[in-house]
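Here's the structure we're looking at; comments come further down.
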Amino acid sequence: MISLQEALRLKEQLLGLLEEDASNQEAILEKLDRVRSEEGIEAHSALLLILTGQGFEEEEARGHWESILHHRQAMGERIGRDVGLRVAAFDYFVNVNRKVRQPRLIDLNLSNPVEPGAVSDPLTGLANQRMFRMALQNEIRRSRRYGPGFVAARIDVDDLAEANQRFGAFVADTLLREAAVLIRNKVRDIDLAARISGGEFGLILPETDRMGGYVVCERIRRETESFYRQRQVGERCADLTFSAGIAKYPEDGSGPEDLWARSGETLYIAKSRGKNTVAVYYAERRYYMRFDAHSRGLQIRVIPDPSPPEETPAAAPRNISRGGLLFESSRPYELAQQVLLDLCEPDGTQAIRVRGRVVRLEEIETSGGPAGFEVGVAFHFDWEHEEQDFLSFFERWSLSTSRRPSE
């Protein structure tokens, strides 16, 4: 027989399950049966224990549920309105099945209270929002003193509301618990993972730069996509994905609210790009005027350094400045990866080769599916003459194709 503590732990999921089809008697039994078979939970006895305070073995509890639902329908027909499950259950045990002594109605708002000082999320076991905000403030204080900085990441389950509609609240909560395990398994002991609310999670990654934060979130995203692609719920595939936004302290925010807001803005960008992606926050730092490289006919060839592939992938330039280049590519690059760039005149003649480092990587999509990646490269010059050669080419090219700089 299920214990009261176990039943209360499942209270929100079970009550949410009832709310989905509150007036559909057959659907309620079907969902309770499905939860029992798929999750191995004594759903019928747990829900009776929550609603009435009475404990039963699972098979006996299911029989009571069938009788309670029939009794509810009969009461509703007699008085002309639906009396609800709790009233029907109470009247059933008082006036129909009199074997149970002293049945009572449970005040659902008073059962299973959340302690004011709790620091863990009851659904997932991760830190809760209160703990996350305390840890964020503490990490800012620590970084101010010792200096390495850290990453705050905001992760959100894509289309969680749709999953609730497809599978029901109880199963969706089970999927969230699994998501929490996937996240926990991909972070270090010194990192903090928390459930903020609903399907939103937060990460604090001490002593981590943007590239490191991107790598962690990308691993979580890939693991999640792979796991839920194979996760069966009944006869359907769960098929859940994550999107994430990353912000870096202190560059992107000097306080906890600013930093968390930056990660939220970046999460919104990730969602707007088709979801199931990771975006990194970059403040606008335009030291140089940018020019539209595509319309001016600049041609480029990108060569990964030091091991170029047998076939160099196509790359389409978007804009260029004295500090770097933004282009679209059919292949992904790694953040901080070294590349060689051949910059060519409109007629295809190679003019100059420069070295750079990937500082930005974002997936771009169209209505027809994935279109490739947007890659930002910061130029790097080892010698002064290399920079001078590039500047001479850049000035000559920009003047020969003189148009208004891109906004």
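The values are calculated or read from the model by the stated rules, or taken from the named source; none is laboratory data. Worth saying up front: this structure is predicted, and the values here are computed from it rather than measured. With ideal geometry, Cβ positions are generated from the backbone for all residues, glycine too; neighbour counts draw on all protein chains shown.
For the stretch 232-247, indicate whether the set of residues that are more than 17 Å from Leu175 (Cα to Cα) and among the aromatic types (Phe, Trp, Tyr) is non-empty.
If we filter the stretch 232-247 for residues that are more than 17 Å from Leu175 (Cα to Cα), which is where we start, we get 244-247.
Imposing the further condition that a residue be among the aromatic types (Phe, Trp, Tyr) reduces the set to none.
No, that holds for no residue.
Checking Gly253 against (1) in contact with a Lys or Arg (Cβ under 6 Å, 6 or more places away or on another chain); (2) surrounded by 24 or more Cβ atoms within 10 Å (Cβ to Cβ); (3) within 24 Å of Ala378 (Cβ to Cβ), only one condition comes out false. Which one?
(2)
Check the stretch 128-135 and report whether any residue there is in a helix (DSSP H, G or I), more than 22 Å from Phe170 (Cβ to Cβ), over 24 Å from the mean Cα position of the chain (by Cα) and at pLDDT 75 or above. First the steps, then the outcome.
So in the stretch 128-135, the residues in a helix (DSSP H, G or I) come out as 129-135.
Cutting the leftovers down to more than 22 Å from Phe170 (Cβ to Cβ) gives us 129-135.
Filter again for over 24 Å from the mean Cα position of the chain (by Cα), leaving none.
Within the stretch 128-135 (the criterion being in a helix (DSSP H, G or I), more than 22 Å from Phe170 (Cβ to Cβ), over 24 Å from the mean Cα position of the chain (by Cα) and at pLDDT 75 or above), the answer is no, since none of the residues qualifies.
Within the stretch 175-189, can one find any residue that is under 16 Å from Ser263 (Cα atoms), in the same structural domain as Arg222 (by TED's automatic domain parsing) and in contact (Cβ under 8 Å) with a residue 24 or more places away in the chain?
Applying the first criterion (under 16 Å from Ser263 (Cα atoms)) to the stretch 175-189 yields none.
So far as the stretch 175-189 goes, no, none of its residues is under 16 Å from Ser263 (Cα atoms), in the same structural domain as Arg222 (by TED's automatic domain parsing) and in contact (Cβ under 8 Å) with a residue 24 or more places away in the chain.
Within the stretch 223-230, is there a residue that is among the acidic types (Asp, Glu), closer than 19 Å to Ala163 by Cα, assigned to a strand (DSSP E or B) and at pLDDT 90 or above?
The initial filter retains those residues of the stretch 223-230 that are among the acidic types (Asp, Glu), namely 223, 225.
Restricting the remaining residues to those that are closer than 19 Å to Ala163 by Cα gives 223, 225.
If we keep only those that are assigned to a strand (DSSP E or B) too, we end up with none.
No, because not a single residue in the stretch 223-230 is among the acidic types (Asp, Glu), closer than 19 Å to Ala163 by Cα, assigned to a strand (DSSP E or B) and at pLDDT 90 or above.
Residues that are crowded, with 20+ Cβ neighbours inside 10 Å, among the charged types (D, E, K, R), modelled with pLDDT of 90 or more and in contact with a helix residue (DSSP H, G or I) (Cβ under 8 Å, 6 or more places away or on another chain): does the stretch 168-179 have at least one?
Checked the stretch 168-179: no residue is crowded, with 20+ Cβ neighbours inside 10 Å, among the charged types (D, E, K, R), modelled with pLDDT of 90 or more and in contact with a helix residue (DSSP H, G or I) (Cβ under 8 Å, 6 or more places away or on another chain).
Mind listing whichever residues of the stretch 141-158 are out of contact with any Pro (no Cβ under 9 Å at 6 or more places or on another chain) and either surrounded by 16 or more Cβ atoms within 10 Å (Cβ to Cβ) or not assigned by TED's automatic domain parsing to the domain that holds Ala261 (or both)? Don't jump to the end; show me each part of the working.
Of the stretch 141-158, the ones out of contact with any Pro (no Cβ under 9 Å at 6 or more places or on another chain) are 141, 145-147, 153-158.
Matches in the stretch 141-158: Ala153, Arg154, Ile155, Asp156, Val157, Asp158.
Among the residues of the stretch 194-228, which ones are over 11 Å from the mean Cα position of the chain (by Cα), among the small types (Gly, Ala, Ser) and surrounded by fewer than 23 Cβ atoms within 10 Å (Cβ to Cβ)?
Matches in the stretch 194-228: Ser197, Gly212, Ser226.
Among the residues of the stretch 69-79, is there at least one that is in the same structural domain as Leu32 (by TED's automatic domain parsing) and closer than 21 Å to Phe170 by Cβ? Write out each step before concluding.
Let us first name the residues in the stretch 69-79 that are in the same structural domain as Leu32 (by TED's automatic domain parsing), namely 69-79.
The next check asks that each one be closer than 21 Å to Phe170 by Cβ; those that pass are 69, 72.
Yes.
Count, please, the residues in the stretch 50-102 that happen to be at pLDDT 75 or above and at positive phi.
2
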